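Note sheet for the following structure.
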Protein chains: 2
Amino acid sequence: MSLVLTNARILTMDAGLSEYANGWIAIEGDTIQALGEGTPPQGGETLDMGGDLVMPGMVNSHCHMTMTLFRGLGEDVDDRLFRYVLPLERECVTPRTVAAGSSLAALEMIRGGVTTVADMYYFETEVGRVIERSGMRGVVGQTLADFAAPDHKTFDEGFALTQELAEMFAGHPRVTASIAPHAPYSTDVPVMARIAHWSHDHPDVPVQIHMAEMVSENKWAEKSYGMRPVQVVDKAGLLKPGLIAAHCLFVSDADMDRMAEADVRVAHNARSNAKAGRGIAPVEAMRARGIPVGIATDGPMSGNTLDLFSQFAPVSMFQKLLGNSRKPMPACEAVRMATLEAARVLGMDQRIGSLEPGKQADLIRISLDDPRLLPVYDIYATLVFAAMPGDVRDVMVAGRWLMRDREVQTLEAPKVVADALQIAGEFNARIVEIDRRKA
Amino acid sequence: MSLVLTNARILTMDAGLSEYANGWIAIEGDTIQALGEGTPPQGGETLDMGGDLVMPGMVNSHCHMTMTLFRGLGEDVDDRLFRYVLPLERECVTPRTVAAGSSLAALEMIRGGVTTVADMYYFETEVGRVIERSGMRGVVGQTLADFAAPDHKTFDEGFALTQELAEMFAGHPRVTASIAPHAPYSTDVPVMARIAHWSHDHPDVPVQIHMAEMVSENKWAEKSYGMRPVQVVDKAGLLKPGLIAAHCLFVSDADMDRMAEADVRVAHNARSNAKAGRGIAPVEAMRARGIPVGIATDGPMSGNTLDLFSQFAPVSMFQKLLGNSRKPMPACEAVRMATLEAARVLGMDQRIGSLEPGKQADLIRISLDDPRLLPVYDIYATLVFAAMPGDVRDVMVAGRWLMRDREVQTLEAPKVVADALQIAGEFNARIVEIDRRKA
């Protein structure tokens, strides 16, 4: 036994939500060997968790890590995508930018208890390298889109980048390459069909897409095909087992039935969707059909923070608002959607998402001593409505500590921050110019 | 000059949102003497703020501080009011309970940057004493209700308690007594009319009420008077200048017009309303009519945390959802509703809510060095969508430090927590009994 964590209040987040009031976890290498209550096994190093909460690391099922560099830019500006984001992406997003922004994101996520992230952006090999270096686990999705993307001018170039990415991380224990058509309207059916075909030949490379996110997308689908966005994705053959569909706000009952049948999974970005004034995804209705739904932050330009604590209250409140009752989306279900269910969304639930023997040792330790967290009548309610990223004390992925006592071990925080701020300064100069030209 | 804070990034939150990038604030006794940018005045002690953000202390315009003791209890249970809250309040809420719960609340609020709170509950003289001891500023409202309240069996007894409270804190520099009819349905028109009359003779005692909060309240008003709740309050003569009305979810255009005309102020409890599945208050519509709206936490059984950072994102997102756009409720407006506008809700905007010469020195210092807060393109967006209570470093009320470097100076944190946990243990025993009896 290489390491035994003792004196822990354990939430396993397994299917039955098993808990251990005074628990222990035995870890060998990257794997949980055993866990239980009472007298811990002897032999190997032991580490006293001081009665703190230990639970699975959280899984952020949709993110654009690089966009930390855009956080808070053009907030409340309706046309910020065309005014700021697209010009800045075209002119300023390079491998250096991606490495810097993703590093800041990894730093923040580790500090907030996120151990696995599904990313989609450009120069995604850089994101993969950052995830690798940070010790996190990640699905890194090369985005393909028909607007002038920073790293490809044609879809052929996009496929080549994806191929490179898939080869670079083939068999990697923590980094999984992914292909990410941006959205139905920005790839259209022929490219989605080509991706479906490519994906069939690369079964270990998950597909991520933004789907049914915007009213304008509905209009495009209606105008182009007389269909709803989900139907267009289906027509292209991409609505298939394992598809990770982000957003899914505008899904009809028939869409959801078809998504369930096709074994599609959903990344739910509550804050991002609401901040854009787009609406509330019908999470309860999707889950009632057996569609796995994971909590996600979206990019930090959309949702601002990258921890899942900040998402919990919106995820819960929005479903209670939709249901006009206090009962929908009980707190334990929100926590499930940040752990085991999110792992299922990423197709990784056999390896992570819960603390069970044989699973990877991805776990976080949370202090419950802040006055704001007390008293604790219902630990899930405490996590969902009162806990915050700063309450996370230790973070482990694959048996390796990424944070101890709030000190990230794998990234040099001051350098990460300095690099990001330097690029933000460069962005700012460009923003001043854009605003001057528009004025 | 007794104290000059230097090297501060100052958000004054005055009407024009003046800012000082490298600012100073000169404080004499409890009062801001002057503030500005550049070379600070000489003489007196100086304190370097290290480039941190300094802004007005936040104003929580509606709370039930004692209910920290109920935090997280019966979360997601639709009938929790009748199942848990009312029995526990009747049997277990005593002056000792109120002192303990309010102390935990004060500890949490100071740590979260709240310097002023409007409370309404029972045994409110105890709450006033806690506020006094904690160094905070507060409006303490004695609740009057027709259900078996823990501290009065008749309205006559309730008025006597209010009279005692008003006398105890008459002329107090930081604690303001208030009278708080619970809600239209739990006082009815004759008692509200009596309160309106009493209030006329006690112009320094603000009136607080829960108004237009629930569908059942609409039904009561319709059935009893063929009116809407706001009209019932108006009929009783209570819809008058300075009324602090909490919630105001179910207000029609005509209701809002009348509220504006009557100079009523609103405490907006975004998280609480949403968590109960009740709905979203039309904040933009009220503010467009000139009704001041302050951000509030409600009691911690309803909203769980007592800092205003946790309210910011919901306040903003909900109005963006109502408006189907990113534009409603810009970030700076949310911050205004937590400072100067909230002070106006409590009738205290001549003394607090912004950093201006002659105003009370109620201010907070916020560190902006957490990776989650970076970069800062728009400081208001950073506050609204990324900052958290743990980022607050120092807190001052009336020129006195209540917290330095995250250490609360005025309350003995370990004792406050131990006292609260002991009572929570007693509650828990009672809860187990209730659940056993119901099972």
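Can you work out the Karplus-derived ³J(HN,Hα) for every residue in the range B:39-53? Use 6.51 cos²θ - 1.76 cosθ + 1.60 with θ = phi - 60°, whole Hz, and x for glycine or proline.
5, x, x, 8, x, x, 5, 10, 9, 7, 8, x, x, 5, 6
Just how many % of Cα pairs in the range B:58-345 lie over 27 Å apart, if you round to the nearest whole percent?
34
Mind listing the phi-derived Karplus ³J(HN,Hα) values for the range B:225-233, rounded to whole Hz, using 6.51, -1.76 and 1.60 with θ = phi - 60°, and x for any glycine or proline?
With the stated coefficients, the range B:225-233 comes to 10, x, 10, 8, x, 4, 5, 5, 4 Hz.
Quote the convex hull volume per residue of the protein assembly as shown, based on C-alpha atoms, as a whole number of Å³.
With only Cα atoms used, the protein assembly as shown gives 161 Å³ per residue.
If you count, for every residue in B:268-281, the Cβ atoms of partner chains within 10 Å of its Cβ, what is the mean?
That works out to 4 on average.
Roughly how far apart, in whole Å, are the Cα centres of the range A:164-226 and the range B:193-216?
Each part's Cα centre sits 58 Å from the other's.
Can you list residues whose amide H is under 5 Å from B:Leu35's amide H, if they're 5+ apart or on another chain and H is modeled 1.01 Å from N?
B:Ala26
Given a Förster distance of 45 angstrom, what is the FRET efficiency for B:Arg90 paired with B:Lys240, based on the Cβ-Cβ distance and rounded to 0.05?
0.90
What is the set of long-range amide H partners of A:Val140 at a cut-off below 5 Å, with H atoms built 1.01 Å from backbone N?
Residues meeting the amide H criterion: A:Asp119, A:Thr176, A:Ala177, A:Ser178.
Reported to two decimal places, what Rg/Rh ratio describes the range A:307-417 when computed on Cα atoms with Rh from the Kirkwood expression?
Rg/Rh: 1.01.
Suppose R0 equals 60 Å. What FRET efficiency, 1/(1 + (r/R0)^6) with r the Cβ-Cβ distance, do A:Glu45 and B:Ser224 give to the nearest 0.05?
The formula returns an efficiency of 0.30 here.
Can you name the residue in chain B whose Cβ lies closest to the B-to-A rotation axis, and give that gap in whole Å?
B:Gly390, 2
With charges only on Cβ, +1 for K and R and -1 for D and E, what is the dipole size of the range A:58-345 about its Cα centre, in debye, rounded to 20?
Magnitude of the dipole: close to 800 debye.
Could you check the simple spin-label distance between B:Glu28 and A:Glu164, using points 7 Å along Cα→Cβ, in nm with one decimal?
Between B:Glu28 and A:Glu164, the label points sit 6.8 nm apart.
Pick out, in residue order, every one of the chymotrypsin sites (Phe, Trp or Tyr not before Pro) in the range B:139-184 that is DSSP loop and has at most 11 other C-beta atoms within 10 Å; say none if there are none.
Sites meeting the loop and neighbour criteria: B:Phe147.
With unit charges on the beta carbon (Lys/Arg positive, Asp/Glu negative), name the residue among B:Val77, B:Val191, B:Val395 whose Cα is farthest towards the positive pole of the charge dipole of chain B.
B:Val77
If you restrict to DSSP beta bridges whose two residues both lie in chain B, what percentage is antiparallel, to the nearest 5?
45
Debye calculation, C-alpha points only, no solvent: report log10 I(q)/I(0) for the range B:21-122 at q = 0.21, 0.22 Å⁻¹, in the same order as the q values.
Cα-only, vacuum Debye calculation for the range B:21-122: -1.13, -1.20.
Taking a label point 7 Å out from Cα toward Cβ, give me the nm distances from A:His172 to the same spot in the other copies, shortest first, one decimal.
6.0
Where the label is 7 Å out from Cα toward Cβ, how close does A:Glu91 come to the same position in every other copy, in nm, shortest first?
For A:Glu91, the other copies' label points sit at 6.9 nm, shortest first.
Compute the convex hull volume of the Cα atoms of the range A:133-239, divide it by the residue count, and report the result per residue in Å³ as a whole number.
Per residue, the Cα convex hull of the range A:133-239 comes to 108 Å³.
How do the peptides B:425-437, A:205-217 rank, highest first, by the average count of neighbouring beta carbon atoms within 10 Å per residue?
Averaged packing, sorted descending, gives the order A:205-217, B:425-437.
In sequence order, what are the phi-derived ³J(HN,Hα) couplings for the range B:55-71 according to the Karplus relation 6.51 cos²θ - 1.76 cosθ + 1.60 with θ = phi - 60°, rounded to whole Hz, with x for glycine and proline?
These are the phi-based 3J(HN,Hα) values: 8, x, x, 7, 10, 8, 7, 7, 7, 10, 4, 4, 6, 3, 5, 9, 4 Hz.
Can you list, shortest first in nanometers, how far A:Asn22 lies from the same residue in the other copies, with each label 7 Å from Cα toward Cβ?
Distances to the matching label points in the other copies: 5.9 nm.
Over the Cα atoms of the range B:78-174, each weighted equally, I'd like the Debye log10 I(q)/I(0) at q = 0.20, 0.21 Å⁻¹, rounded to two decimals.
Listed by q, the Debye log ratios stand at -1.02, -1.09.
B:Thr410's amide H: which non-local residues (gap 5+, or another chain) put their own amide H closer than 5 Å, with H modeled 1.01 Å from N in plane and none for Pro or chain starts?
none
Could you tell me how many degrees, from 0 to 90 and to the nearest 10, lie between the Cα long axis of helix A:309-323 and the main elongation axis, the longest principal axis, of the Cα atoms of chain A?
So the inclination is approximately 70 degrees.
So what is the 222 nm mean residue ellipticity for chain A from helices alone, if each DSSP H run of at least 4 adds -39500 (n - 2.57) and you divide by all residues, rounding to the nearest 500 deg cm²/dmol?
Value at 222 nm, helices only, nearest 500: -11500 deg cm²/dmol.
What average count of beta carbons from other chains do you get within 10 Å of the Cβ of residues in A:324-336?
Average neighbour count from other chains, rounded to a whole number: 3.
Which whole number of Å³ per residue matches the convex hull of the alpha-carbon atoms in the range B:185-328?
Once divided by residue count, the hull of the range B:185-328 is 112 Å³.
With respect to the cross-link table entries A:Lys240/B:Lys327; B:Lys275/B:Lys415; B:Lys219/B:Lys275; A:Lys275/A:Lys438, which display a Cα-Cα separation exceeding 28 Å?
With Cα atoms farther than 28 Å apart: A:Lys240/B:Lys327; B:Lys275/B:Lys415.
When Cβ neighbours within 10 Å are restricted to other protein chains, what is their mean count per residue of peptide B:409-421?
1
Roughly what angle does helix A:124-134 make with the longest principal axis of chain A, taking Cα atoms, 0 to 90 degrees, to the nearest 10?
10
Throughout, read-outs are computed from the coordinates displayed, never taken from laboratory work. Treat the numbers as computed from the prediction; the structure is a model and nothing was measured. For neighbour counting, all protein chains shown are included, and Cβ atoms are generated from backbone atoms with ideal geometry for every residue, glycine included.
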